[in-house]
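Single-structure report; data block below.
None of the figures in this text is laboratory data; all of them are computed from the coordinates on show. Computed from a prediction, not measured in an experiment: that's the story for all the values here. Every residue, glycine as well, gets a Cβ built from its backbone with ideal geometry; the counts of neighbours run over all protein chains shown.
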Amino acid sequence: MSDNKREEIQKEAEANLHKLIKAINEKPDNYEAYYELSSLLIKLQNFTQAEELLMKALGMFADTNKKAKDLLTYGLGNVYYSAGEYEKAIKQFTEVKDKELKTDSYIMMAQSYIAKSDYKRALVFLLTAKDYRKQDPEINQMLGESLLALGDFKQSAEFYDQILNYDPNNGKANFDRGLVAMVLGEHYANYFSKAEKYDKDNYDRKQSRIQDIEKLMKDKQDKES
């Protein structure tokens, strides 16, 4: 990212910051403005300020407005997740009761467990979330990644295929499906070709995973010979 682009984003963020602060000052009972401001602070990586803001807002709304409590609790979970405090994040997401936010909370709990490399627990929440959003590519991607990490390659392939049926040019899904194809002895070149074409950053970043799979396959062949 160029310095000019970074400066432009910073100025836009600061302008939005001032707008949200003004909105809260003019209408302090607007709980959604607190949530939006916390989201912006997360983007700016001001995690301490975001936490303080949401704790203050929860003190104002938690006893009188259930919808506000759930949104602000969800926001607090996002703060902790973004700060890498996954156990604290999971605790907050667990407390969300609102039906509209519940599925998002399941997804965030799964992401927290994935960040902790606890893929089995992540699967529990992902499968629950999938009951509500059958074809959500984000959920299918995480299901594929978790199963891939656990070595369940055939089932992992099923979830990547679901993504690619709806979005054949999804670079991230093509890359991971290519890894699975390598392990399963399927043709994989086309997957990696699309992965490089449609998401080169992801493709370049994960080159070591191809090498890991190649080493895994070679070790397996050596043991069998």
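Details
- Ranking 15, 40, 165 by how far each Cα lies toward the positive end of the dipole of the chain (charges on Cβ) leaves 165 at the top.
- Note on Rg and Dmax of the Cα atoms in Å: of the candidates [x] 18.8, 65; [y] 16.9, 53; [z] 21.0, 75, the value calculated from this structure sits at [z].
- Contact order, relative form, for segment 1-133: 15 percent (alpha carbon pairs under 8 Å, 6 or more residues apart, mean separation divided by residue count).
- Of 69/102; 66/102; 11/88, pairs whose Cα-Cα distance is over 21 Å: 11/88
- Largest first, the three principal axis extents of the alpha carbons in segment 164-215 are 30, 22, 12 Å in whole numbers.
- Each Cα pair under 8 Å and six or more residues apart adds its sequence gap; the mean of these over the residue count of segment 54-201 is a relative contact order of 12 percent.
- MRE, 222 nm, helices only [DSSP H, n ≥ 4, -39500 (n - 2.57), over the chain, to nearest 500]: -26500 deg cm²/dmol
- Cβ-placed point charges (K, R +1; D, E -1), dipole of segment 38-102 about Cα centre in debye, nearest 20: 200 debye
- For the chain, size of Cβ-based charge dipole, Lys and Arg +1, Asp and Glu -1, in debye: 220 debye
- As a ratio to 2.2 N^0.38 Å, the alpha-carbon radius of gyration for segment 134-225 is 1.05.
- Spatial separation of Cα centroids for segment 161-225 and segment 17-34, in angstrom: 46 Å
- Fraction of the pair-distance distribution of segment 1-133 above 20 Å, Cα-Cα pairs, percent: 50 percent
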